Amino acid sequence: MADRVTVIGWDGSPLTAAAGAALSAATLVAGAAHHLALPEVPATAERIRLGSIDLAARRIAGHRGSAVVLADGDPGFFGVVRNLRAPEHGLEVEVVPAVSAVATAFARAGMPWEDAQIVVAHPRTLRRAVNVCRAHHKVAVLTSPGAGPAELALLLEGVHRTFVICEELGTAREQVTVVTSDKAADHVWRDPNVVIVIGGGPEQQSTGSWIAGRHPQGVRGWALPSVAYPGSATDAEGESGEGESPGLRAAQLARLGPRTGDLVWDIGSGSGALAVEAAGFGAAVLAVDSDPDACARTAAAARAFGVQLQVVQGRAPHVLERLPEPDVVRIGGGGVPVVTAVADRRPERIVTHASTRDEAEALGAALAENGYTVECALLQSVELDTAAWSERERSVVFLLAALRSDLAP
């Protein structure tokens, strides 16, 4: 193993005394081409072009002498430090960090960033990164070839955002460009770059800032009563119609498990209660309803609760053909045709409900025939008037929860 392994972050500014001393004593230097071209790299040192981190780590492990790894920004933040410290390599490293690319990007934009979500976009994670951009007001995206500003913009079709694109930070070719998301796909952007994605809601106020990347404020709890949602259309019993009771909503959300990076379809959004609560868990949400009034109620509920979601007016199953791929889906109505259309898109989880056993059996059979493992439970809830401890309302419904069979235990 190398006698000493130092990882040095570089942000375009002059190296610190500690970084310069470690680099001048190095007998092996690993880095990208622009790192290896730095004049401070000793002429006699062995040089390794960083392509595969694992290959470089094996070379370093077998080296006798002092090794230095050069990386952009803070190498401990989505950088090489984690890979080098992996158990299979056994490397103990010293780190001399520089300003991270994310911090530099926000500095160039003149913006605070403790309220920002930060994601890494590779071709395999691009869709999830886009879902975070759908769901949050401010997101920094560390891009990669094949998952850059143009690809982000294409997958965000129909969602307006502002892109602050920071190319080649810290170099003589550094450039910062502000464009709307619909224009970003028309350009070729230089790597490496960081994209700040902004829009869809108000920026967090300074009085609410105490934890990075989160907004723990507003109403506490979930599966709230329907009357908590402004503009909800309540029936004579005080609920928002079939499939909208808080108890059923709680069970549906528990089965779906929406989380950051997911895209949720809420088909038949009604009052918007489930869509808003799914968005509150950090997921991106498409709320679909054929009724213009329901769409307006859902949008109003999202504004009232300070969450972002996209409302789509249209009738399922036809409207579903143009929607991006979902991770989990709640179906509020439409019967077997809608269930079948959703199953064809292969989301991980689907939940729906039925008012009769015959309807539940038909929906369950359609899900099973399309490659899902199905569970069904009969849920009964009784709401009591605590002034007289008398029954106020009774709800009985069949809950169907389906998991894609290739994911089932």
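The values are calculated or read from the model by the stated rules, or taken from the named source; none is laboratory data. Computed from a prediction, not measured in an experiment: that's the story for all the values here. Every residue, glycine as well, gets a Cβ built from its backbone with ideal geometry; the counts of neighbours run over all protein chains shown. When the accessible area is computed, the model is the full protein with side chains, heavy atoms only, and any ligands, DNA or RNA have been set aside. Shrake-Rupley method; radii C 1.70, N 1.55, O 1.52, S 1.80 Å.
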Checklist outcome for this item: For residue 88 and residue 183, extending 7 Å from Cα along the Cα-Cβ vector and measuring point to point gives, in nm, a value of 4.5
Checklist entry - Here are several values of P(r) over Cα pairs in 10 Å bins from 0, in percent: (i) 5, 22, 30, 26, 15, 3, 0; (ii) 5, 21, 31, 23, 11, 5, 3, 1, 0; (iii) 5, 19, 24, 20, 15, 10, 5, 1, 0. Which one was derived from the coordinates shown? => result (iii)
Item to check | Of 126, 256, 28, the one that fluctuates the most in a GNM where the chain has Cα springs shorter than 10 Å | outcome: 28
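On a 1.4 Å probe surface of the protein chains, which of 74, 344 comes out largest in accessible area, and what is the full order?
On the way: 74 50, 344 100 Å².
Solvent-accessible surface, decreasing: 344, 74.
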Checklist outcome for this item: Quick shape check on the range 275-322: root eigenvalues a ≥ b ≥ c of the Cα gyration tensor, a/c under 1.5 is rounded, otherwise prolate if a/b tops b/c, else oblate, and it reads oblate
Next on the checklist: From Cα pairs below 8 angstrom and at least 6 apart in sequence, can you work out the relative contact order of the range 1-92, rounded to a whole percent?
Outcome noted: 42
Checklist entry - What is the P(r) of the range 1-143, as percent of Cα-Cα pairs per 5 Å bin from 0? => result 2, 10, 18, 20, 17, 13, 10, 7, 3, 1, 0
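Express the relative contact order of the range 121-209 as a whole percentage, based on alpha carbon pairs under 8 Å and six or more residues apart in sequence. Mind showing how you got there, number by number?
Working: 157 pairs, mean separation 31.6, N = 89.
Reported relative contact order: 36 percent.
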Checklist entry - Rounded, prolate or oblate: which fits the range 70-224 when a ≥ b ≥ c are the square roots of the eigenvalues of the alpha-carbon gyration tensor, with rounded for a/c under 1.5 and prolate only if a/b beats b/c? => result oblate
Checklist entry - How many percent of the accessible area of the range 1-67 is carbon or sulfur, using a 1.4 Å probe? => result 56
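Taking square-rooted eigenvalues a ≥ b ≥ c of the alpha carbon gyration tensor, is the range 86-137 rounded, prolate or oblate, where a/c under 1.5 means rounded and, failing that, a/b exceeding b/c means prolate?
Numbers: a/c = 3.14, a/b = 1.32, b/c = 2.37.
The shape class here is oblate.
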Next on the checklist: Let me check something: with ligands and nucleic acids excluded, how do 183, 138 order by accessible area (1.4 Å probe), largest to smallest?
Outcome noted: 183, 138
Checklist entry - Given +1 on the Cβ of Lys and Arg, -1 on the Cβ of Asp and Glu, and no further charges, what dipole in debye does the chain carry about its Cα centre, rounded to the nearest 20? => result 1160
Checklist entry - What accessible area per residue comes out for the chain, rounded to a whole number of Å², with a 1.4 Å probe? => result 48
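For a quick check of your reading of the filter: which chymotrypsin sites (Phe, Trp or Tyr not before Pro) in the range 323-409 sit in a DSSP loop and have no more than 15 other Cβ atoms within 10 Å?
Details: sites: 372, 389, 398; in loops: 389.
Taking the range 323-409 and a limit of 15 other Cβ atoms within 10 Å, the loop chymotrypsin sites (Phe, Trp or Tyr not before Pro) found are 389.
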Checklist outcome for this item: Computed about the Cα centre, the charge dipole of the range 327-376 from +1 Lys/Arg and -1 Asp/Glu charges at the Cβ has a magnitude in debye, to the nearest 20, of 160
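Could you tell me what percent of the accessible area of the range 351-409 is made up of carbon and sulfur, with a 1.4 Å probe and every protein chain present?
Numbers: 1760 of 3520 Å².
Heavy-atom surface of the range 351-409 belonging to carbon and sulfur, 1.4 Å probe: 50 percent.
Length gain on complete extension for the stretch residue 336 to residue 361, per 0.36 nm per residue less the alpha carbon to alpha carbon distance?
On the way: separation 25, 0.36 × 25 = 9.00 nm, distance 1.04 nm.
This chain segment gains 8.0 nm when fully extended.
So for the chain, averaging the separation of alpha carbon pairs under 8 Å that are six or more residues apart and normalising by length, what relative contact order in percent results? Write out the running numbers ahead of the final one.
Working: 857 pairs, mean separation 42.3, N = 409.
Dividing the mean separation by the residue count of the chain yields 10 percent.
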Next on the checklist: Just want the answer: with Cβ charges of +1 for Lys and Arg and -1 for Asp and Glu, which residue in 323, 169, 284 is farthest toward the dipole's positive end in the chain?
Outcome noted: 169
Next on the checklist: In the range 316-397, if the dipole is taken from +1 on Lys/Arg beta carbons and -1 on Asp/Glu beta carbons about the Cα centre, which of 341, 396, 377 is farthest to the positive end?
Outcome noted: 341
Checklist entry - Any idea what angle helix 357-369 forms with the longest principal axis of the chain, computed on alpha-carbon atoms, 0 to 90 degrees, nearest 10? => result 30
